[in-house]
Amino acid sequence: MRHLMSPLDFSIEELDQLLDLAGDIERHPEKYAHACDGKKLATLFYEPSTRTRLSFEAAMINLGGNIFGFSSAASSSAAKGESVSDTIRMISCYADICAMRHPKEGAPMVASTVSSIPVINAGDGGHQHPTQTLTDLLTIRSLKGRLDNLVIGLCGDLKFGRTVHSLVRALARYQNIKFVFISPEELRIPGYIKEDVLEANHFPYKEVERIEDVMPELDILYMTRVQRERFFNEEDYIRLKDFYILNNKKMKLAKEDMIVMHPLPRVNEISVEVDKDPRAAYFRQVQYGVYVRMALILTLLEVKVC
Ligand code: CP
């Protein structure tokens with residue numbers, strides 16, 4: 001039995017197979033409509049979510065399976081003090097697979113050690129968000145045609161943004177990737193990612209504050225929101241929240257074939273006027289999220305479709 005805690009849990013070859021499967025699902029959804037008949041997915045969300053929870057649920061429904069779960073800690077027995085370990089022991093009796101989001105780093109990992117069903121990390125604190133990374137990789141591969149030879153700018157809250165942490169780890173396994181980290185001083189990418197992932201592997205990267213200075217060199221611009229829920233004080237959040245606002249004027253500096261990605265939700269960091277730009281890929285990214293979660297469920301449940 002396999003769990004998914006980090007995008008690195010899959011080898012490059014396994015990731016290729018998963019993304020190929022997601023591509024086949026996109027082209028032939030009817031082939032997979034009954035692949036999980038009789039199977040049950042539990043979504044255990046101790047933290048708010050729209051996309052991740054609902055795309056997991058849509059994915060299982062598209063596969064013919066059933067879903068149940070909770071969408072906040074307050075509506076579960078966590079509110080009475082039940083531990084994650086005890087909860088997952090219960091859920092193992094009810095479901096075939098589960099997706100868990102938790103505000104504490106490592107909570108899904110703890111669950112996986114006592115679970116008798118596959119556990120998927122659907123986001124743990126400021127740590128990792130591997131299924132967003134699978135979504136991002138599928139989006140990049142589908143829209144740019146490759147996962148290597150790319151200059152990717154990551155912009156915004158690089159300190160708390162778990163999607164950025166997971167994506168950097170995942171892309172650092174491919175050839176000729178150059179990272180450009182665009183953030184205010186206070187929201188820089190954590191030192192442990194620079195040291196353990198980039199410097200240890202001699203990966204080129206640079207850190208800048210002004211998006212305009214690097215826009216012309218980017219193949220991908222990955223925008224992120226400032227993560228209000230992880231700030232210790234509201235004043236800092238208010239000071240930093242509108243540091244970056246991508247608009248049509250800034251988009252004029254970009255390559256014709258650059259794509260703009262965002263894990264969403266967006267707050268103010270991308271002006272709605274950019275939505276009409278053909279390079280805006282963030283809503284297409286959401287659709288890829290359903291295909292890749294369908295592929296992930298099939299892979300972890302070891303369901304083969306001929
Ligand atoms: N991208 C993402 O994780 O969105 P949600 O918080 O809505 O799940």
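The values are calculated or read from the model by the stated rules, or taken from the named source; none is laboratory data. From a predicted model like this one, the values you see are computed outputs, not experimental measurements. Cβ sites come from the backbone with ideal geometry, for glycine too, and all protein chains shown count toward neighbours. These accessible areas exclude ligands, DNA and RNA; they are computed on the full protein's heavy atoms, side chains included. Shrake-Rupley method; radii C 1.70, N 1.55, O 1.52, S 1.80 Å.
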*At 1.4 Å probe size, with every protein chain present, just tell me what the per residue accessible area of the stretch 197-306 comes to in Å².*
52 Å²
*Evaluate the stretch 1-143: find the radius of gyration of its Cα atoms, find its Kirkwood radius, and give the ratio Rg to Rh.*
0.96
*Taking 0.36 nm per residue of separation and subtracting the Cα-Cα distance, what length does fully extending Asp236 through Asn149 add?*
27.7 nm
*Tabulate in residue order the Karplus-calculated ³J(HN,Hα) for the stretch 56-64, using 6.51 cos²θ - 1.76 cosθ + 1.60 with θ = phi - 60°, rounded to whole Hz; enter x for Gly and Pro.*
5, 5, 4, 4, 5, 5, 4, 8, x
*Considering Cα pairs under 8 angstrom that are at least six residues apart, work out the relative contact order of the stretch 131-285 and quote it in whole percent.*
24 percent
*the chain: relative contact order in percent, alpha carbon pairs under 8 Å with at least 6 residues between*: 20 percent
*Any idea how far apart Ile61 and Lys206 come out in nm if each label point goes 7 Å out from Cα toward Cβ?*
4.7 nm
*Treat each spin label as a single point 7 Å out from the Cα along the C-beta direction, and report the Glu199 to Asp37 distance in nm.*
5.7 nm
*What is the dipole size for the chain, taken about its Cα centre, with +1 at each Lys and Arg Cβ and -1 at each Asp and Glu Cβ, in debye to the nearest 20?*
420 debye
*What is the antiparallel percent of DSSP beta bridges lying wholly in the chain, to the nearest 5?*
5 percent
*Using per-residue counts of other Cβ atoms within 10 Å, averaged over each peptide, order 224-236, 101-113 from highest down.*
101-113, 224-236
_Debye intensity ratio I(q)/I(0), log10, the stretch 131-285, q values 0.09, 0.13, 0.14 Å⁻¹ (C-alpha model)_ = -0.25, -0.55, -0.64
_Packing rank of 145-158, 10-23, where each peptide gets the mean count of other beta carbons within 10 Å, highest leading_ = 145-158, 10-23
*Of the heavy-atom accessible surface of the chain (probe 1.4 angstrom), what whole percent is carbon and sulfur?*
51 percent
*Under a 5 Å amide H to amide H cut-off, with H placed in plane at 1.01 Å, what residues pair with Lys104 once short-range neighbours are removed?*
Gly125
*How high is the FRET efficiency between Val272 and Ile12 when r is their beta carbon distance and R₀ equals 41 Å, given to the nearest 0.05?*
0.65
*Scan around Ile120 for amide H atoms under 5 Å from its own, H built in the peptide plane at 1.01 Å from N, and keep only partners 5 or more places away or cross-chain.*
Leu4, Cys98, Ala99, Met100
_Largest to smallest principal axis extent of the C-alpha atoms in the chain, angstrom_ = 54, 46, 39
*What FRET efficiency would be calculated for the residue pair Ser83, Arg2, taking the C-beta separation as r and a Förster radius of 25 Å, to the nearest 0.05?*
0.60
*J(HN,Hα) series, the stretch 261-275, from Karplus relation 6.51 cos²θ - 1.76 cosθ + 1.60, nearest Hz, glycine and proline x*: 10, 7, x, 6, x, 8, 10, 10, 6, 10, 5, 4, 5, 6, 4
*Comparing Thr50, Thr133, Thr163, which has the greatest mean-square fluctuation in the GNM of the chain with Cα pairs linked when under 10 Å apart?*
Thr50
*So what J values fall out for the stretch 142-155 if you push phi through Karplus, 6.51 cos²θ - 1.76 cosθ + 1.60 with θ = phi - 60°, rounded to Hz, Gly and Pro as x?*
6, 8, 9, x, 6, 10, 10, 6, 9, 9, 10, x, 10, 10
*Relative contact order (%) - the stretch 12-163, alpha-carbon pairs under 8 angstrom, separation at least six*: 19 percent
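Using a 1.4 Å probe, what is the accessible area per residue for the stretch 1-121, in Å²?
45 Å²
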*Amide H to amide H, which residues 5 or more places from Ile259 or on other chains are under 5 Å from it, using H placed in the peptide plane?*
Ile220, Leu221
_Mean Cβ count within 10 Å, highest first, over the residues of peptides 245-252, 117-124_ = 117-124, 245-252
